[in-house]
Amino acid sequence: MQNIRSEFSVLARMAQEKIQFDESLAESTRLTLLNLAASAPTIFEDNELPINSEALPAIWENWEDFVSKSEDFEFALEGIETSTLIDLRSSLGNVGATCGSCHQKYRMK
């Protein structure tokens, strides 16, 4: 999950103009995030916490909901527009909301 955080920070920093907007980098980052998101549930399939994980046991207690929230995250990532800075900014909000809905329930605070 750290990889998702790291990749998403590239898009967030771009949207905040902390780094220069680069359409190619934004799109490749979005595609990387999609691949990472698609594999996220498999990290937890064995009913074991990864080392140094902030994950809660609630993941396995509510597996279908966790997978559903993971799918919502993928759907939000598909909606990220990377052609312009304005498009990127306006499309990142949905992604943040899906992150939060999963983190509230399944990640240590």
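Consider the candidate values (i) -1.07, -1.48; (ii) -0.99, -1.11; (iii) -1.01, -1.24; state which one is log10 I(q)/I(0) by the Debye sum over Cα atoms at q = 0.20, 0.23 Å⁻¹ computed from the structure displayed.
It is the one labelled (iii).
Sequence gap at least 6, Cα distance under 8 Å: using those rules, report the relative contact order of the chain to the nearest whole percent. Walk me through the numbers before you get to the answer.
Values: 93 pairs, mean separation 34.0, N = 109.
Once normalised by length, the contact order is 31 percent.
Any idea what angle helix 85-106 forms with the longest principal axis of the chain, computed on alpha-carbon atoms, 0 to 90 degrees, nearest 10?
10 degrees
Cα to Cα, under 27 Å, and not fewer than 8 places away if on the same chain: which lysines meet these conditions relative to Lys18?
Lys109
Once amide H atoms are placed 1.01 Å from N in the peptide plane, what residues at a sequence separation of 5 or more from Ala55, or on another chain, have their amide H within under 5 Å of its amide H?
Long-range HN contacts for Ala55: Met108.
Can you work out the Karplus-derived ³J(HN,Hα) for every residue in the range 72-80? Use 6.51 cos²θ - 1.76 cosθ + 1.60 with θ = phi - 60°, whole Hz, and x for glycine or proline.
4, 4, 4, 4, 5, 5, 4, x, 5
How many percent of all Cα-Cα pairs in the range 23-68 sit more than 12 Å apart? Can you show the working numbers first?
Values: 697 of 1035 pairs.
Of all Cα-Cα distances in the range 23-68, 67 percent exceed 12 Å.
Bear in mind that the values in this text are calculations on the coordinates, not laboratory data. Keep in mind that this is a model prediction, so the values were computed, not measured.
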